[in-house]
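Structure first, then comments.
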Amino acid sequence: MDKKLTLSLDGTIIENAKTYAKSNNTSLSRLIESYLTMLTKLKKDDTNITPLVESLSGVISINKDFDAKEGYSDYLIEKYK
(Lines give C-alpha, C1' and ligand atoms only; values in the text may rest on other atoms or scores of the structure.)
Protein backbone atom coordinates (compact mmCIF):
# COMPACT_ATOMS: atom_id res chain seq x y z
CA MET A 1 0.00 0.00 0.00
CA ASP A 2 1.45 3.36 -1.03
CA LYS A 3 1.55 6.23 1.46
CA LYS A 4 2.49 9.87 1.06
CA LEU A 5 5.71 11.25 2.51
CA THR A 6 6.61 14.91 2.70
CA LEU A 7 10.31 15.80 2.56
CA SER A 8 12.10 19.12 2.89
CA LEU A 9 15.17 19.27 0.64
CA ASP A 10 17.35 21.89 -0.95
CA GLY A 11 15.73 23.17 -4.16
CA THR A 12 18.83 22.48 -6.25
CA ILE A 13 18.92 18.87 -5.08
CA ILE A 14 15.26 18.44 -5.98
CA GLU A 15 15.77 19.82 -9.48
CA ASN A 16 18.88 17.69 -10.04
CA ALA A 17 17.03 14.61 -8.80
CA LYS A 18 14.08 15.32 -11.10
CA THR A 19 16.44 15.70 -14.06
CA TYR A 20 18.19 12.44 -13.14
CA ALA A 21 14.90 10.59 -12.74
CA LYS A 22 13.60 11.88 -16.08
CA SER A 23 16.81 10.92 -17.89
CA ASN A 24 16.44 7.39 -16.46
CA ASN A 25 12.74 7.12 -17.39
CA THR A 26 11.52 6.86 -13.81
CA SER A 27 9.68 9.02 -11.33
CA LEU A 28 11.29 10.81 -8.43
CA SER A 29 9.11 8.79 -6.06
CA ARG A 30 10.27 5.50 -7.61
CA LEU A 31 13.89 6.68 -7.48
CA ILE A 32 13.69 7.51 -3.77
CA GLU A 33 11.79 4.30 -3.05
CA SER A 34 14.50 2.25 -4.77
CA TYR A 35 17.24 4.06 -2.87
CA LEU A 36 15.54 3.57 0.50
CA THR A 37 14.89 -0.09 -0.31
CA MET A 38 18.57 -0.59 -1.09
CA LEU A 39 19.63 1.17 2.12
CA THR A 40 17.34 -0.84 4.33
CA LYS A 41 18.43 -4.16 2.81
CA LEU A 42 22.10 -3.53 3.53
CA LYS A 43 23.23 -5.21 6.71
CA LYS A 44 26.54 -4.33 8.31
CA ASP A 45 26.65 -7.61 10.22
CA ASP A 46 26.05 -9.63 7.07
CA THR A 47 29.75 -10.15 6.35
CA ASN A 48 31.16 -13.55 5.54
CA ILE A 49 34.38 -14.31 7.33
CA THR A 50 36.33 -17.07 5.66
CA PRO A 51 37.69 -19.92 7.80
CA LEU A 52 41.27 -18.77 7.09
CA VAL A 53 40.59 -15.27 8.37
CA GLU A 54 38.78 -16.64 11.40
CA SER A 55 41.71 -18.93 12.20
CA LEU A 56 44.04 -15.90 12.14
CA SER A 57 41.83 -13.89 14.47
CA GLY A 58 43.62 -13.17 17.74
CA VAL A 59 47.04 -14.34 16.50
CA ILE A 60 48.58 -10.89 16.87
CA SER A 61 48.24 -8.73 19.94
CA ILE A 62 48.68 -4.98 19.59
CA ASN A 63 49.15 -2.46 22.37
CA LYS A 64 46.15 -0.19 22.93
CA ASP A 65 48.31 2.90 22.35
CA PHE A 66 49.57 1.62 18.95
CA ASP A 67 49.20 4.25 16.21
CA ALA A 68 48.64 2.44 12.90
CA LYS A 69 49.44 5.52 10.78
CA GLU A 70 52.69 6.09 12.61
CA GLY A 71 53.57 2.39 12.34
CA TYR A 72 52.93 2.40 8.61
CA SER A 73 54.94 5.59 8.22
CA ASP A 74 57.86 3.99 10.09
CA TYR A 75 57.58 0.92 7.88
CA LEU A 76 57.74 3.03 4.70
CA ILE A 77 60.72 5.00 5.98
CA GLU A 78 62.59 1.75 6.66
CA LYS A 79 61.56 0.24 3.36
CA TYR A 80 62.79 3.14 1.23
CA LYS A 81 66.05 3.95 3.05
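The values are calculated or read from the model by the stated rules, or taken from the named source; none is laboratory data. Everything numeric here is computed off the predicted structure, so don't read it as measured data. Note that each Cβ is placed from the backbone with ideal geometry, even for glycine, and that neighbours are counted across all protein chains shown.
Within the group Leu52, Leu39, Leu31, which residue is aliphatic (A, V, I, L, M), surrounded by 10 or more Cβ atoms within 10 Å (Cβ to Cβ) and either free of Cβ contacts under 8 Å to residues at least 24 places away in the same chain or part of a helix (DSSP H, G or I) (or both)?
Just one listed residue meets the conditions, Leu31.
In segment 17-55, which residue that is of a type in the set (Lys, Arg) and modelled with pLDDT under 90 is nearest to Leu7 (Cα to Cα)?
Out of the qualifying residues, it is Lys41.
For Ile60, state whether it is in a loop (DSSP other than H, G, I, E, B) and without any contact (Cβ under 8 Å) to a residue 40 or more places away in the chain.
Taking the combined requirement at face value, the residue satisfies it.
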